[in-house]
Amino acid sequence: MNWEELYSMQQSLDNHIESNHQLKNQDLFQEKYLALLVELGELANETRCFKFWSNKPRNKNNIILEEYVDGLHFILSLGLEKAYRYSSRKLDELTRTETEQFNKVFESCTDFYKNVSKENYDRLFVDFLQLGEILGFSEADIQYAYYKKNEINYERQNKGY
């Protein structure tokens, strides 16, 4: 995947949002971190993987993918905020369940929040990508969904979201 292209697109969106909301030169790390946690929770809720008490089926894959790329937007944005970039590498094969991987991603979020290092950022990114694999998303799926959601985010901003 061409991560630099996505970082560039995210930088443009972030700049657009910061200009529209008079946030230029403000440290938005806290807000972006919380937004990521919220998006991860929304993603988990759509998969319903942890809802052992319910028989209701998971949502459709396109809805889950859209929630997944919402999280990706904030991971990219957090990297931009701290001048970190993830570079592609081969991901390890996993035997975790969806629930276990969600917990791993939340743990990586916490580690990154407590120690904002490049190493912890990369671990968060890898864990999130592995979650995408477990959810059944290809790089092409993720990239296309990111482009699509990026357009929607611009439209929302232009309409006063």
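What the table shows:
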{"quantity": "Filter result for residue 91 (in a helix (DSSP H, G or I) and of a type outside the set (Phe, Trp, Tyr))", "calculated": "no"}
{"quantity": "Residues (of a type in the set (A, V, I, L, M) and touching a Leu at 6+ places or on another chain (Cβ under 9 Å)) located in segment 53-93", "calculated": "64, 65, 72, 75, 76, 78, 91"}
{"quantity": "Matching entry among 58, 48 (being at positive phi and modelled with pLDDT of 95 or more)", "calculated": "48"}
{"quantity": "Members of segment 1-41 found to be at pLDDT 95 or above and surrounded by fewer than 12 Cβ atoms within 10 Å (Cβ to Cβ), listed by number", "calculated": "30"}
{"quantity": "Selection status of residue 90, over 28 Å from residue 117 (Cβ atoms), without any contact (Cβ under 8 Å) to a residue 40 or more places away in the chain and out of contact with any Phe, Trp or Tyr (no Cβ under 7 Å at 6 or more places or on another chain)", "calculated": "no"}
{"quantity": "Tabulated pairs, segment 113-125, first part of a helix (DSSP H, G or I), second crowded, with 17+ Cβ neighbours inside 10 Å and of a type in the set (D, E, K, R), C-beta under 6 angstrom, 6+ apart or interchain", "calculated": "120/111"}
{"quantity": "Qualifying residue in segment 134-144 (condition: in contact (Cβ under 8 Å) with a residue 24 or more places away in the chain, over 24 Å from residue 63 (Cα atoms) and surrounded by fewer than 15 Cβ atoms within 10 Å (Cβ to Cβ))", "calculated": "no"}
{"quantity": "Residues located in segment 94-108, provided they are touching a Leu at 6+ places or on another chain (Cβ under 6 Å) and either surrounded by fewer than 14 Cβ atoms within 10 Å (Cβ to Cβ) or touching a residue at least 60 places away in the same chain (Cβ under 8 Å) (or both)", "calculated": "105"}
{"quantity": "Residue within segment 145-159 that is basic (Lys, Arg) and in a loop (DSSP other than H, G, I, E, B) present", "calculated": "yes"}
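The values are calculated or read from the model by the stated rules, or taken from the named source; none is laboratory data. Please read all numbers here as calculations on a predicted model, not as lab measurements. Positions of Cβ are generated from backbone atoms using ideal geometry, with glycine treated the same way; all protein chains shown enter the neighbour counts.
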